[in-house]
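J.: Right, I'll just put the structure down here and ask away after.
The values are calculated or read from the model by the stated rules, or taken from the named source; none is laboratory data. The structure presented is a predicted model; accordingly, all values stated were derived computationally and were not measured. Ideal geometry is used to build each Cβ from the backbone, glycine not excepted, and the neighbour counts take in all protein chains shown.
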Amino acid sequence: MHQAELGKHVLVGKNAVIMNWAKIGDDCIIGSGCVVPQNKVVEANSLVLGVPGKIVGKVTENQKKYSLNATEFYQTLPKRYHDSLKLLKNH
């Protein structure tokens with residue numbers, strides 16, 4: 001991404017590409033493998049899928065909740081992994 005703008009709480013799926021100068025509004029979901037074209041403006045709460053990326057619907061409240069819960073979970077992982085580290089002795 002070069003000079004693309006992403007709003008708050010945007011979920012970008014695996015292998016998705018957001019081209020230059022695209023603008024993604026708050027609370028959007030960009031599907032896996034999606035290619036958002038250059039200069040594309042995506043309104044808040046949009047679900048974007050496909051190649052090229054097209055708005056196919058609105059993000060539901062359940063999808064927003066899932067996205068926020070997933071974000072909170074992923075934010076706990078570094079500490080959990082760090083706290084579980086154990087020093088191994090050479091054999």
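J.: Take residue 40 and decide whether it is over 16 Å from the mean Cα position of the chain (by Cα) and free of Cβ contacts under 8 Å to residues at least 24 places away in the same chain.
T.: yes
J.: Considering every residue within the stretch 60-80, establish whether at least one is modelled with pLDDT of 95 or more and either in contact with a Cys (Cβ under 8 Å, 6 or more places away or on another chain) or part of a loop (DSSP other than H, G, I, E, B) (or both).
T.: Yes, some residue in the stretch 60-80 is modelled with pLDDT of 95 or more and either in contact with a Cys (Cβ under 8 Å, 6 or more places away or on another chain) or part of a loop (DSSP other than H, G, I, E, B) (or both).
J.: Moving on. For the stretch 20-34, what are the residues that are farther than 22 Å from residue 66 by Cα and surrounded by fewer than 17 Cβ atoms within 10 Å (Cβ to Cβ)? Let's see the steps before the verdict.
T.: First pass over the stretch 20-34, keeping only residues farther than 22 Å from residue 66 by Cα: 20-23.
Matches in the stretch 20-34: 20, 21, 23.
J.: Also: Is it fair to say residue 48 is touching an Asp or Glu at 6+ places or on another chain (Cβ under 7 Å), without any contact (Cβ under 8 Å) to a residue 40 or more places away in the chain and surrounded by 10 or more Cβ atoms within 10 Å (Cβ to Cβ)?
T.: Numbers: touching an Asp or Glu at 6+ places or on another chain (Cβ under 7 Å): no; without any contact (Cβ under 8 Å) to a residue 40 or more places away in the chain: yes; surrounded by 10 or more Cβ atoms within 10 Å (Cβ to Cβ): yes.
It is false that residue 48 is touching an Asp or Glu at 6+ places or on another chain (Cβ under 7 Å), without any contact (Cβ under 8 Å) to a residue 40 or more places away in the chain and surrounded by 10 or more Cβ atoms within 10 Å (Cβ to Cβ).
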